[in-house]
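**Student:** Here it is, the structure, as structure tokens.
The values are calculated or read from the model by the stated rules, or taken from the named source; none is laboratory data. From a predicted model like this one, the values you see are computed outputs, not experimental measurements. Don't worry about glycine lacking a Cβ; one is built from the backbone with ideal geometry, like all the others, and counts go over all protein chains shown. Just so you know, the surface numbers come from the protein's heavy atoms only, side chains and all, with ligands and any DNA or RNA stripped out. Shrake-Rupley method; radii C 1.70, N 1.55, O 1.52, S 1.80 Å.
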Amino acid sequence: MTEKTDIKSMNLPELEQWLVSIGEKKFRAKQIYQWMHEKHCSSFDEMSNLSRELREKLKELAELTVLQKELVQVSQIDGTRKYLFALADGNMIESVLMRYHHGNSVCVSSQVGCRMGCRFCASTLDGLVRNLTPAEILEQIYRISADIGERISNVVVMGSGEPLDNYDNLVKFIRLLTDENGLHISQRNVTVSTCGLVPAMRRLADEKLQITLALSLHASSQEKRLELMPVAKSYDLAEVMDACRYYFAQTGRRVTFEYSLVGGVNDSREDAEQLTRLVADMNCHINLIPVNPIKERSYVQSEHRDILNFKNKLEKNRINVTIRREMGRDIDGACGQLRKRFLER
Ligand code: SAH
């Protein structure tokens, strides 16, 4: 049996070409595209303006990627919803809906597992299983939007996986997500977070998308960063910072630095001073994330007092800084924790 064509990962011109190649009219593409990306239908039978014949033909030749909702956990604290989805091959991924005053934000996974090995992160404990397709990344947003019956306005690629390790699918996903014939989310409302894969960061800068790049910094010296993030072996801090400057130069978009505060590891006064020096000449924003401890590692959260001191120090030094609100703390909020716990059961 030949493999079915993943039509939900195609843009409109690609879909047109494919339909012509199977002997169909080009204009059908727009109809099918709308069913998939505007109406978010979950079966070919719902495509009521197509003939029965064409629907049967599509079932035979094409794959309509749909995720199955396996589990939803709702935070009693802040209404955050954490979803566990099953992929067609049985793999599980997780996604998070966060409700803010300014709208609904979805955090999507880009891979099943991860191979980056960051020491405090649950997603990477069992390594990488596989990349997600553009359609599988999109579907997380479509299914959540359908589930709550509301529009999604912001998307952050900060779930499990390293998005820049799945570069082509990531960029295709962003283009589909922001396409005027789809959800049409503004590129400015999309954030991609990376652990710092320098060549891919530069390549992304050259795409000239208007998305926000978030860099997982977590330490202000190469030595300390290396202790937390094995990827620092491949790309040292100076190179990573240069790539961030390049991203800003190419896109005009202010870079966000994520800094997970780990008790006694990277949360001292000196750390704050060193961090200031590191970013002083940059147009940037620092997002402090109190580390969400995972049971497989001994890292602990910083004292509340130390978190505030760290933030105040940066503010005094005129650095833009916020402490990320801890959403869904009561529902395995941190990347990969829900999936991991589910698989263990
Ligand atoms: N691979 C991407 C996306 C990862 S998740 C990246 O590395 O940026 C988004 C952020 O959450 C990253 O900054 C990541 O380092 C951080 N993170 C992961 N697990 C965490 C935990 N248990 N506590 C705090 N931050 C965590």
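**Student:** Could you list, in sequence order, all residues of segment 209-230 that are open to solvent by less than 40 Å² (accessible area, probe 1.4 Å), farther than 22 Å from GLN250 by Cβ, within 12 Å of the ligand (Cβ to nearest atom) and of a type outside the set (D, E, K, R)?
**Tutor:** The answer is HIS218, ALA219, LEU228, MET229.
**Student:** Answer yes or no: is there a residue in segment 182-189 that is within 16 Å of the ligand (Cβ to nearest atom) and buried (at least 20 other Cβ atoms within 10 Å of the Cβ).
**Tutor:** no
**Student:** If you don't mind, another one. What are the residue pairs meeting all of these: first residue in segment 321-345, first residue assigned to a helix (DSSP H, G or I), second residue at pLDDT 70 or above and within 12 Å of the ligand (Cβ to nearest atom), Cβ atoms under 7 Å, and 6 or more apart or on different chains?
**Tutor:** These pairs meet every condition: GLN337/ALA122; GLN337/ILE294; LEU338/GLU94; ARG339/GLU94; ARG339/SER160; LYS340/ALA122; LYS340/LEU125.
**Student:** So which of TYR247, TYR259, TYR299 ends up being open to solvent by less than 30 Å² (accessible area, probe 1.4 Å), closer than 30 Å to ILE93 by Cα and either modelled with pLDDT under 95 or part of a helix (DSSP H, G or I) (or both)?
**Tutor:** TYR247
**Student:** Find the strands (runs of 3 or more DSSP E) located wholly in segment 29-113 whose residues include 2 or more that are among the hydroxyl-bearing types (Ser, Thr, Tyr) and farther than 21 Å from ILE7 by Cα, and list them. Talk me through it step by step, then tell me what you get.
**Tutor:** Working: elements: 68-74, 81-86, 92-100, 103-107, 111-113.
Ranges flagged: 92-100.
**Student:** Still on this model: Just one of the numbered conditions (1) free of Cβ contacts under 8 Å to residues at least 60 places away in the same chain; (2) within 26 Å of the chain's Cα centre (by Cα) is not true of LEU308; which one?
**Tutor:** Of everything listed in (1) free of Cβ contacts under 8 Å to residues at least 60 places away in the same chain; (2) within 26 Å of the chain's Cα centre (by Cα), LEU308 misses just condition (2).
**Student:** Could you check segment 72-100 and list, in sequence order, the residues that are of a type in the set (Ser, Thr, Tyr), open to solvent by less than 30 Å² (accessible area, probe 1.4 Å) and more than 20 Å from GLY127 (Cα to Cα)?
**Tutor:** SER75, THR80, TYR83
**Student:** Condition test on ALA200, is it free of Cβ contacts under 8 Å to residues at least 60 places away in the same chain, within 26 Å of ASP236 (Cβ to Cβ), within 16 Å of the ligand (Cβ to nearest atom) and in contact with a Phe, Trp or Tyr (Cβ under 7 Å, 6 or more places away or on another chain)?
**Tutor:** Yes: the conditions hold for ALA200.
**Student:** Of (1) within 16 Å of the ligand (Cβ to nearest atom); (2) farther than 27 Å from PRO290 by Cβ; (3) open to solvent by 60 Å² or more (accessible area, probe 1.4 Å), ALA238 satisfies all except one. Which?
**Tutor:** For ALA238, the failing item is (1).
**Student:** Determine, yes or no, whether GLY159 is in contact (Cβ under 8 Å) with a residue 12 or more places away in the chain and on the phi > 0 side of the Ramachandran plot.
**Tutor:** Considered against the rule, which asks whether it is in contact (Cβ under 8 Å) with a residue 12 or more places away in the chain and on the phi > 0 side of the Ramachandran plot, GLY159 comes out as no.
**Student:** OK, next. Just one of the numbered conditions (1) away from the ligand (no atom under 16 Å from the Cβ); (2) at pLDDT below 95; (3) in contact with a Leu (Cβ under 6 Å, 6 or more places away or on another chain) is not true of ASP281; which one?
**Tutor:** Exception for ASP281: condition (3).
**Student:** Of the conditions (1) surrounded by 19 or more Cβ atoms within 10 Å (Cβ to Cβ); (2) out of contact with any Pro (no Cβ under 7 Å at 6 or more places or on another chain); (3) of a type outside the set (Phe, Trp, Tyr), LYS69 satisfies every one except a single condition; which number is it?
**Tutor:** Here LYS69 clears every test but (1).
**Student:** Quick check on segment 141-154. Is at least one of its residues touching a His at 6+ places or on another chain (Cβ under 9 Å) and closer than 23 Å to PRO293 by Cβ?
**Tutor:** No, because not a single residue in segment 141-154 is touching a His at 6+ places or on another chain (Cβ under 9 Å) and closer than 23 Å to PRO293 by Cβ.
**Student:** Looking at VAL265, is it among the β-branched types (Val, Ile, Thr), within 20 Å of the chain's Cα centre (by Cα) and more than 10 Å from the ligand (Cβ to nearest atom)?
**Tutor:** no
**Student:** Hey, PHE173 hits all of (1) open to solvent by 10 Å² or more (accessible area, probe 1.4 Å); (2) within 21 Å of VAL112 (Cβ to Cβ) but one; which does it fall short on?
**Tutor:** Condition not satisfied by PHE173: (1).
**Student:** Please find, within segment 124-165, the residue that is nearest to MET201 (Cα to Cα) out of those that are away from the ligand (no atom under 16 Å from the Cβ) and in a loop (DSSP other than H, G, I, E, B). Spell out the reasoning first.
**Tutor:** Pass one, segment 124-165, residues away from the ligand (no atom under 16 Å from the Cβ): 133-136, 138-139, 141-153.
If we keep only those that are in a loop (DSSP other than H, G, I, E, B) as well, we get 133, 149-153.
Details: THR133: 20, GLY149: 35, GLU150: 33, ARG151: 30, ILE152: 26, SER153: 24 Å.
Looking at residues that are away from the ligand (no atom under 16 Å from the Cβ) and in a loop (DSSP other than H, G, I, E, B), I get THR133.
**Student:** Kindly indicate whether SER268 is surrounded by 13 or more Cβ atoms within 10 Å (Cβ to Cβ), closer than 30 Å to GLU70 by Cβ and modelled with pLDDT of 95 or more.
**Tutor:** Criteria not met by SER268.
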